[in-house]
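*Asks:* Have a look at the structure that comes next, please.
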Amino acid sequence: MARTKKIGAAGKFGPRYGKSVKDRFREVHKASKKPHKCPNCLKPGFKRVASGIWVCNKCGHKMAGKAYKPM
Ligand SMILES: [Zn+2]
């Protein structure tokens, strides 16, 4: 059981860590996973590969951004 209707991806934590923490995690997680526009080619293929590292899967552009969002 990794994903639930009410708490989304934070369901992976099961009953642990409390609601407000999981609410915050969900918001950040959702924002990091939604399609980001690449600043180089402007296509929506910009993905987070690690904390603060973002790479475009269309043109290969890699840059440092924020930990959970490109900038
Ligand atoms: Zn690109």
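*Asks:* For K37 and I53 in the same chain, what is the full-extension length gain: residue separation times 0.36 nm, less their Cα-Cα distance, in nm?
*Replies:* So the chain would gain 4.3 nm between K37 and I53.
*Asks:* Still on this structure: Relative contact order for the chain: what is it in percent, counting Cα pairs under 8 Å that are at least 6 residues apart?
*Replies:* Relative contact order for the chain comes out at 19 percent.
*Asks:* Tell me whether the chain comes out rounded, prolate or oblate; compute the Cα gyration tensor, take square roots of the eigenvalues as a ≥ b ≥ c, and use a/c under 1.5 as the rounded threshold.
*Replies:* The shape class here is prolate.
*Asks:* Sequence-distant or interchain residues sharing an amide H contact under 5 Å with I53, placed H: which?
*Replies:* Those qualifying (amide H under 5 Å, at least 5 residues apart or on another chain) are G65.
*Asks:* To make sure I understand the rule: partners must be lysines, Cα under 22 Å from the Cα of K58, and not fewer than 8 residues away in the same chain. Which ones qualify?
*Replies:* K30, K33, K34, K37, K43, K47, K66, K69
*Asks:* Per DSSP H run of n ≥ 4, the term is -39500 (n - 2.57); total these for the chain, divide by its residue number, and report the mean residue ellipticity at 222 nm rounded to 500 deg cm²/dmol.
*Replies:* -7000 deg cm²/dmol, from helical runs alone.
Every number in this text was worked out from the coordinates using simple rules, so none of it is lab data. Only a predicted model underlies this, so the values are computations on that prediction, with no experimental measurement involved.
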